[in-house]
Structure formats: C-alpha cells, structure tokens
Amino acid sequence: MPDYKIMKVYLPVTIIFALNVGFTIAMPETAIAQSHQLMAQSSAAKNELERLIQRGDRALSQNNFKEAISIFQQASQLARQNQDLDSQVLILVGIGRSYDLSGQYLKAEQSFKESLQILSQLAGEFTSIDKRARQNRLKILAHSGLGIAYINIGEYTKASENLQLAVLLSNGEAKNTSLLIHFEPRFKLAELYQKQKKYQEAIAALQQARIVAQQIGDRRAEAMTLTAIGNNFMNLGQFNLASQFHAQAKALGNFPQEPEIANAPARSSGIVGDLVSVAGLLERLTPILQKVNLSIRKMERITANDSRFTVVGRTANNLDELMQNIFNLTPKLRQGDLMSAYPYLQKVNQSMTNLSRNMKDLNLLMEEVKRYPERFPALRQMNIQDIKVLQEIEGELRDLKNSIGKRSKELKKN
C-alpha cells in the first residue's frame, strides 16, 4: 500500500479580510483589532485542520481505516466551515483511499467524485501559479484514486479513462514529486492491463513506473515493478525472461511488506526447470524414435510391392515428423519460452496422436503376418536378414509404445 503521507499538501496561511458593513463603517483602530482577531482565529483553525489531517494520515498508514475515516470527516467539516476548498479536496481524497482500502468501493467512488467536483469549481477561479500546481497534483490523486476504485468495482473502461488522465496530468509535474503523483497511476494502469490480459501494454506501463521509482530512489517501488514485469512475462509464457526480472527484483533488497518480491523468483525459476525437464524427456525419447525409424524404413523397402503394408510408410513419415517437431521444440523449452514453444508442442502432440494410431494398425498387421504367413507370399522371397528385421520390428514397436506412454505421463505431470 502506498504511504499516504507522501501525498500531503499543506496550504499557505489564508488572511481573511472582513467585507461586511460592520467592518466598513468601523473606526480604523477597531477594524485593525478585529482583523487581527480574525487572523488569530483563522490560524488556530488552520492548525487544528492540519492536526486532524496528520492524525487521519497516521491512522490510514496504520490500516486503521475506520478511525481514519472518522478523523478525516471531522477535518472535512472544519474545512467546510472555513470555506477551505483545497483542503476539502485533499481530505476527500484521504477519505476515498480509506474507503477503498477497507473494501467500501462505492463510497470511495463517491468521495473521489466529490473531490473532482470541487476541483472543477476551483478551475474557474483566478489563482496563483503555485496554487494551480497544487490543485493539479490533487487532481492527479483524485483521478488515480477513482481509477483504482473502478478497478475494484470491475468497471475497467472508467478505470482506464481515469488512470490514463492521471498519467497525462502527471507528465507536467517534476519527476521527483512523489510516488503517488507519477508512480501510482502508471503502476495501477499496468495492473488494470494485466486484468484485461493486455500483457504487453502492462509491461510498457511498468517500465515507465520503474523509471519513476529509479528517479525517486525508491528501491521497494522498483522491486515491485520488476516483479510485476516478470509476472506479465509469465502470463505471456516467457518464463526465462520472467525469471530474470524476478531475480533482479529480489536482488534490490528484502521487503517483508511485499512478500511477492521474495516468492516470485522461486515460482518462475521452478517453471523454467519444469520446461527444461520436459525438454530432457523428449530428448531421451529421440534415440528410440531414430532406432525404430531405421527398422521401419527397411521394412518399407522390403514390403514396397504389397499394398497392405502402406501403413509402414505412414508410420515412418510420422516418426520423421515427430522427431523434427521435437528438434524444433526442445530449444524453446530450454529457453523457458513457452509462447514460442507452444505451436511446436501442439505439433508434437498431433504427431504422437497420428503415430499412436498408425502403430496400432501396424501392430495388427504384424500380428497377422505372424499368425498367417501364407497370406503374404511375397514375404517368402525375403532373405534371412530381412526376416530378422521383421522379427525385431515387433519388439521395437512395443518398446516405442511403452516409451511414449511413459513420457506422456511425465509430460502431463510437468
């Protein structure tokens, strides 16, 4: 949770001049005395307002949301009494954050909307450059808060509109203003993109947030962005890249309040390890495929003149196709790039399905040859070596079937 204290804006002392008839007709000495009295009252009210904001701030940072809301509401009443619109906006943002963090999202939405309504009213007034800049920062906070509330409500279009506006408004602010001005809207926009499965857009927003964190010098915020970037690469199936970003995040330090930073590296590196294991399983299957393929190609030549043995050629072609797909697949798996590997995984699966079907037909044919050799007169012309090949092929097919079955179970497990 961002530190709410970062967002505090304290307004300059406001001197209230009396404009009513009583002051107009008063003697100069009396008017001066009354003016000093009003200034003293204004100063006391301002100090009380700041004290309440600090207390609400502290309660929010300690996750005492109910207490924070109560204190901010007292501050809001005082700000309204003093007609201090800028403070009202700040307090409404604090109330909105308290509601949002306590799960009262609709109330949070209402608070942020009220703050923006006041800011819209202030926009029509003539004011100093400094005050206008403070109001712009408050507007960023209000739109960010509203965007976050809409994410939690599930209204993603409205969330995107508000967060993108907050990002746009922040571009005019000094880069080292605070995490809430530059970092939060970008980080939360990335969170929204991730929920929408727009992973590339999320990564781009997070890269911007990372630059902000580096400029401010906040290692925790930078580690949060690196971890989130890694998570998005995991969603894209690029686990090796994910593992690299997770490792970079962990190297920035220990952040107990952000356990995901510490836990993510083990998760992504574990998946990379699983993919490497799958590659190893397939590579260990390849020599068996090659051996069987040589025998089947010999059988294809021997039985070339008998149409009943066309299944032999189909099986050999399946083996060639399967080995090529495994050859293309395993480097992608070892790189931890499941996105690039996925099309080849589909091809390997299809090749295995076709091979299994043709092997079943071939086994049935071999059983028939064994039982009824007289039905295959052409085989009588074979030499002793050819007969030996046919005898061996049955065992090799059985071994291949067992190997594929074993590997398939291990692949599904991984």
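The values are calculated or read from the model by the stated rules, or taken from the named source; none is laboratory data. Quick caveat: nothing in here was measured; it's all calculated off a predicted structure. Cβ: placed from backbone, ideal geometry, glycine included. Neighbour counts: every protein chain shown. For accessibility, only protein heavy atoms count, side chains too; no ligands or nucleic acids. Shrake-Rupley method; radii C 1.70, N 1.55, O 1.52, S 1.80 Å.
Quick look at the numbers
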{"quantity": "Count - residues of the range 181-211 that are at pLDDT 95 or above and acidic (Asp, Glu)", "calculated": "2"}
{"quantity": "Matching residues, the range 124-155, being part of a helix (DSSP H, G or I), out of contact with any Ser or Thr (no Cβ under 8 Å at 6 or more places or on another chain) and farther than 22 Å from LEU106 by Cβ", "calculated": "ILE129, ASP130, LYS131, ARG132, ALA133, ARG134, ASN136"}
{"quantity": "Residues satisfying the stated conditions in the range 172-202, i.e. farther than 28 Å from ALA133 by Cβ and in a helix (DSSP H, G or I)", "calculated": "TYR193, GLN194, LYS195, TYR199, GLN200, GLU201, ALA202"}
{"quantity": "Single unsatisfied condition, VAL369 versus (1) out of contact with any Phe, Trp or Tyr (no Cβ under 8 Å at 6 or more places or on another chain); (2) over 23 Å from ASN232 (Cβ atoms)", "calculated": "(1)"}
{"quantity": "Pairs, first closer than 12 Å to GLY94 by Cα in the range 53-78, second at pLDDT 90 or above and not in a helix (DSSP H, G or I), C-beta under 7 Å, six or more apart", "calculated": "PHE65/SER102"}
{"quantity": "Selection within the range 179-202 - over 13 Å from GLN164 (Cα atoms) and open to solvent by less than 10 Å² (accessible area, probe 1.4 Å)", "calculated": "LEU180"}
{"quantity": "Residue list for the range 252-288, restricted to those being assigned to a helix (DSSP H, G or I) and touching an Asp or Glu at 6+ places or on another chain (Cβ under 9 Å)", "calculated": "LEU275, SER277, VAL278, LEU281, ILE288"}
{"quantity": "Per-region count, the range 322-333, residues closer than 26 Å to SER269 by Cα and either out of contact with any helix residue (DSSP H, G or I) (no Cβ under 6 Å at 6 or more places or on another chain) or open to solvent by 70 Å² or more (accessible area, probe 1.4 Å) (or both)", "calculated": "2"}
{"quantity": "Residue within the range 247-266 that is open to solvent by 30 Å² or more (accessible area, probe 1.4 Å), touching a Pro at 6+ places or on another chain (Cβ under 7 Å) and either closer than 30 Å to VAL369 by Cα or free of Cβ contacts under 8 Å to residues at least 60 places away in the same chain (or both) present", "calculated": "yes"}
{"quantity": "Given (1) within 23 Å of ALA159 (Cβ to Cβ); (2) at pLDDT 95 or above, number of the condition LEU226 does not satisfy", "calculated": "(1)"}
{"quantity": "Residue list for the range 267-305, filter: of a type in the set (Ser, Thr, Tyr) and either open to solvent by less than 50 Å² (accessible area, probe 1.4 Å) or touching a residue at least 40 places away in the same chain (Cβ under 8 Å) (or both)", "calculated": "SER268, SER277, THR286, SER295, THR303"}
{"quantity": "Count of residues meeting criterion [open to solvent by less than 40 Å² (accessible area, probe 1.4 Å) and either in a loop (DSSP other than H, G, I, E, B) or farther than 25 Å from GLY273 by Cα (or both)] in the range 203-241", "calculated": "9"}
{"quantity": "Residue that is modelled with the lowest pLDDT, among those in the range 41-61 that are more than 17 Å from SER76 (Cβ to Cβ), surrounded by fewer than 16 Cβ atoms within 10 Å (Cβ to Cβ) and polar (S, T, N, Q)", "calculated": "GLN41"}
{"quantity": "Given (1) open to solvent by 20 Å² or more (accessible area, probe 1.4 Å); (2) in a helix (DSSP H, G or I), index of the condition ALA159 fails", "calculated": "(1)"}
{"quantity": "Helices (runs of 4 or more DSSP H) fully within the range 297-414 counting 3 or more residues that are modelled with pLDDT of 85 or more and within 23 Å of VAL276 (Cα to Cα)", "calculated": "310-334, 338-371"}
{"quantity": "Single residue of the range 79-90 satisfying the filter (touching a residue at least 24 places away in the same chain (Cβ under 8 Å) and among the polar types (S, T, N, Q)) that is surrounded by the most Cβ atoms within 10 Å (Cβ to Cβ)", "calculated": "SER87"}
{"quantity": "Residues of the range 334-370 satisfying the condition of being open to solvent by 30 Å² or more (accessible area, probe 1.4 Å), over 14 Å from LEU322 (Cα atoms) and of a type in the set (Gly, Ala, Ser)", "calculated": "SER340"}
{"quantity": "Filter result for the condition that a residue is modelled with pLDDT under 95 and open to solvent by 20 Å² or more (accessible area, probe 1.4 Å), over GLY124, GLY94", "calculated": "GLY124"}
